[in-house]
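First the structure, in the form of structure tokens, and then the observations on it.
Any read-out appearing in this document is the output of simple, stated calculations on the displayed coordinates, not a laboratory observation. These numbers were taken from a predicted model, which means no experiment stands behind them. Virtual Cβ from ideal backbone geometry, glycine too; neighbours counted across all protein chains shown.
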Amino acid sequence: MKTINETMNQKQESHILPEHVVTKLFPGELPDEEEWKEKYPPRKLPEGAMVTRLGPSPTGLMHLGGVYASLISERFAHQTNGVFYLRIEDTDEARSQPETTEVIVKSLYFFNIPVDEGMTISGEEKGDYGPYTQSARAKLYQTFAKKLVEQGKAYPCFCTSEETKTLGEQQMKDGIRPGYYGKWAKWRDASPEEVEAELAKGTPYVIRLRSDGNFENKVKVHDLLKGDLELSENDIDKKIFVPATGLPRYHLAHVIDDHFMGTTHVLRGDEWLSSVPLHLELFEALGWKPPEYGHLAPIQKMEDASKKRKLSKRKDPEANAMLYQEEGFLPEAVVEYLLNLANSDFEDWRKENQGKDNREFHLTFERLSRSNGPLLDFVKLNDVSKEIVSHLQASEIYDRGLVWAKQYNQKLAEEMERNPDYTKDALNIEREGAPRPRKDIGAWSDLYAEIGYFFDSIFGEKEPVSEELFGTAKDDRESIVNAFLETYNENDTKDEWFEKVKDIGRKLGYADGAKAYKLEPEKYKGQVGDVAKIFRVLLTGKTNTPDLHSVMKVMGKERVTQRLKMV
Ligand code: GLU
């Protein structure tokens with residue numbers, strides 16, 4: 001009797017196409033496996049070093065989930081003295097948009113997620129395992145697609161896409177699991193003669209994996225995040241290579257690349273979880289050890305007060321990583337927010353380690369959000385950002401705000417550049433040394449609303465202030481402003497200034513404070529806050545600003561007088 005192994009070998013051998021047919025399937029010279037091994041030797045890294053990667057398909061915008069996965073991958077690599085690299089997975093020519101690569105590179109750069117290898121912001125690639133764009137690695141994939149065919153582990157399929165579509169529809173109708181597998185895999189057991197006949201006719205073909213799997217069997221998979229899982233074996237004869245384009249499909253490409261690029265840990269979206277059995281089968285067919293996989297649940301947001309849903313590329317502007325750059329969010333704020341989504345003890349660490357570089361925080365797989373996707377709370381993110389800005393010096397806000405404004409708000413940039421000291425003085429109100437520094441700037445785009453009014457050209461663009469904003473009759477406003485201008489001395493201390501404001505109010509029937517007014521409202525027209533509001537609105541067009549006395553001091557007598565006269 002034959003052993004099981006002998007039977008298996010015989011089975012495989014019966015599928016092996018003769019060399020001259022394989023040569024027709026893969027015409028032309030190809031480097032052999034040894035050459036590739038020499039070109040991409042194993043990495044020399046310390047024990048325990050992780051090699052991680054981001055493998056985006058450049059098909060549109062960079063999703064915040066991509067930033068999240070990159071950040072985690074990068075941190076794991078670097079906290080273990082490993083390597084984080086960027087590989088552009090563009091083998092789907094129909095869907096690839098080369099310009100997206102730039103968006104991906106820019107996003108990683110913006111969020112300070114350094115890549116050790118792959119495309120860089122200068123437009124040059126670095127690293128010894130390149131090229132790092134799959135479409136430029138065609139020969140590598142061809143060597144191994146051919147090898148699989150030579151070994152009978154893959155085969156050519158001449159079905160048209162129409163045919164496979166009809167097959168799927170028929171299977172659905174018959175209540176059968178759809179797909180190109182088992183007895184429905186028409187070209188799986190074709191004879192060399194049948195293959196040659198199609199080749200002679202010039203029929204287009206693809207290369208499919210000859211799956212050994214049985215859907216009824218389970219494969220045990222240990223996922224770094226989801227734990228021990230049992231998934232059905234793959235039994236689909238997946239398309240793995242498309243000779244017409246000379247390129248593989250994603251599944252084969254990433255297996256070959258993760259092997260030769262020495263990836264140890266793959267962290268990616270959990271939409272790939274169901275493909276793991278296929279990926280493991282491909283690694284086995286090629287005789288390679290697979291990396292460890294960790295599948296991240298997608299970032300979610302609240303749809304309304306009670307319902308969560310996946311953050312959507314189409315519906316949610318905050319899913320777009322570029323938005324954070326365009327709006328001038330502080331990359332460190334977004335990074336810290338994402339670190340906290342990844343490991344919720346980050347927040348405590350941050351409290352105990354004020355001022356420390358967040359790279360000193362150690363991420364762990366154990367504390368990563370598992371099955372539930374982390375929840376993005378944009379308001380909280382904004383608060384984290386405001387908190388960080390509130391501790392920055394005015395000169396830093398000026399410098400960083402200006403870099404942003406030069407790209408996204410020319411008008412503001414011009415004014416800031418023309419008046420650096422004035423801008424810094426404006427920014428400094430209620431900041432350095434203030435007991436409670438103001439928290440009105442969460443992103444550089446807030447600068448326009450928060451300090452724009454200091455500049456006459458921006459202030460002049462504002463819509464005329466509406467009557468309701470003042471809450472005081474025009475006659476009274478005029479009397480108040482005139483009285484103020486008569487006694488206004490720009491060198492007054494805050495106390496002197498406030499005394500004058502109260503005095504003006506008193507004479508015109510306004511209480512000294514909110515308390516006095518509340519006690520006897522019938523006695524007054526209002527209180528000193530209403531008086532100050534008139535100045536505030538005339539000077540800034542807003543009812544909420546930092547300390548008014550300081551605003552006036554920074555604006556200077558001429559500007560204050562001019563604006564107040566517009567009463
Ligand atoms: N190219 C795949 C994507 O963009 C990446 C999958 C992976 O990381 O293995 O979703």
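Side notes on the structure shown:
- Other-chain or far-sequence residues with amide H under 5 Å of A511's (modelled H): K525, G526, Q527, V528
- Cα-centre dipole for the chain with unit charges at Cβ (Lys and Arg positive, Asp and Glu negative), debye to 20: 960 debye
- Degrees, to the nearest 10: 276-286 long Cα axis against longest axis of the chain: 50 degrees
- Principal-axis tilt of helix 99-110 within the chain, Cα atoms, nearest 10 degrees: 50 degrees
- Close amide H pairs (under 5 Å, H built 1.01 Å from N) link V51 with V83, T264, H265, residues at least 5 positions away or on another chain.
- Between N353 and A136, full extension at 0.36 nm per residue minus the direct alpha carbon distance yields a gain of 73.6 nm.
- Between region 190-207 and region 435-463, the alpha-carbon center distance in angstrom: 70 Å
- Folded to 0 to 90 degrees: helix 394-408 orientation relative to the chain principal axis, Cα: 60 degrees
- Per-pair calculated FRET efficiency, R0 = 22 Å: E414 and E558 via Cβ, rounded to 0.05: 0.60
- Annotation: lysines with alpha-carbon distance below 16 angstrom to K542 (same-chain offsets under eight excluded): K462, K533.
- Computed E for A516/A434 - FRET, C-beta separation, R0 25 angstrom, nearest 0.05: 0.35
- Mean separation of Cα contacts under 8 Å (6+ apart) over length of region 231-385, as relative contact order %: 21 percent
- Per residue, the average separation of C-alpha pairs within less than 8 Å and at least 6 apart gives region 394-523 a relative contact order of 16 percent.
- Taking 0.36 nm per residue of separation and subtracting the Cα-Cα distance, full extension of the segment from D189 to L485 would add 96.9 nm.
- FRET efficiency, T493 to E326 (Cβ-Cβ, R0 45 Å, nearest 0.05): 0.60
- In the chain, Cα pairs under 8 Å separated by at least six residues give a relative contact order of 11 percent.
- Pair-distance distribution P(r) for the chain, from all Cα-Cα distances in 10 Å bins starting at 0: 3, 14, 20, 18, 14, 10, 8, 6, 4, 2, 1, 0 percent.
- Gain on full stretching of the segment that runs from W288 to D304 - 0.36 nm per residue minus C-alpha separation: 1.1 nm
- Prolate/oblate/rounded label for region 459-567 (Cα gyration tensor, a/c 1.5): oblate
- Pairs from the list K173/K301; K239/K301; K310/K439; K411/K553; K37/K153; K220/K307 with a Cα-Cα gap above 26 Å: K173/K301; K239/K301; K310/K439; K220/K307.
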